[in-house]
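Reviewing the structure listed below.
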Amino acid sequence: RELRDVDAIVSTPLDRAIILAGGEGKRLWPWTAEQRPKPLLPLGGNGRTLVGATLDRLAGVVDPEAIYLQAEARMGARLLDGETRLGPAQLQTEPSARDTGPAVALAMLRVWHQRPEHVVALLPADHRVQNADRFRSALRLAAEEARHGALVVLGVVPSEPSTANAGATPATPAE
């Protein structure tokens, strides 16, 4: 399906969104520090933090109460202090930082035990998206496909090969 058709076919938002916020930002040192983790840096555009911009992108796609932040406990507490739109009940702590794969597994294990039928979006707290409306349309389309049993991965077309990120081959060309 094409993104421009998505608003007509999707009437239900995502059931849950989990923002993965475990990155310490070591490559951004000295700008990052223990009291200023990467997701709280004002790199989200228009003076917003990265996690703030991520929350803004979820507007209208998922109920604000169904947005969770997952991070190691100390970092999570700092992030909650810096982002007032999320409350303590929306923090899912990790026992220790172990990179993206284990964070995703832990997040989905929690969902599976609570509501296995939920359609969930997992979003990094440190991405910058230029076109939020198009991103929301893509999330709505992804949610619709997931409700029909698909596992959906949203990504960008890489400009060059890299072993730093996993690769995915699209089933159909992206619009």
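Annotations
- Pairs of Cα atoms nearer than 8 Å and 6+ residues apart set the relative contact order; for segment 27-175 it is 21 percent.
- Segment 11-116: GluC sites (Glu not before Pro) falling in loop per DSSP and having at most 12 other Cβ within 10 Å: Glu34
- Beta bridges by DSSP in the chain, antiparallel share as percent, to the nearest 5: 5 percent
- Solvent exposure of segment 13-65, expressed per residue, is 50 Å² of accessible area, with all protein chains present and a 1.4 angstrom probe.
- From the coordinates shown, Cα extents along the principal axes in Å corresponds to which of [x] 51, 32, 30; [y] 44, 40, 31; [z] 66, 33, 25: [y]
- Note on exposure: His127, His148 ranked by accessible area (1.4 Å probe, complete protein assembly) read His148, His127, with the most exposed listed first.
- Fraction of accessible area attributable to carbon and sulfur, the chain (%, probe 1.4 Å): 53 percent
- Cα-based helix-to-principal-axis angle, 73-82 vs the chain, degrees rounded to 10: 80 degrees
The values are calculated or read from the model by the stated rules, or taken from the named source; none is laboratory data. Note that the coordinates shown come from a computational prediction; the quantities given were computed from them, not determined experimentally. All Cβ positions, glycine included, derive from the backbone under ideal geometry; neighbour counts span all protein chains shown. In case anyone asks, the SASA skips ligands and DNA or RNA and just uses the protein heavy atoms, side chains included. Shrake-Rupley method; radii C 1.70, N 1.55, O 1.52, S 1.80 Å.
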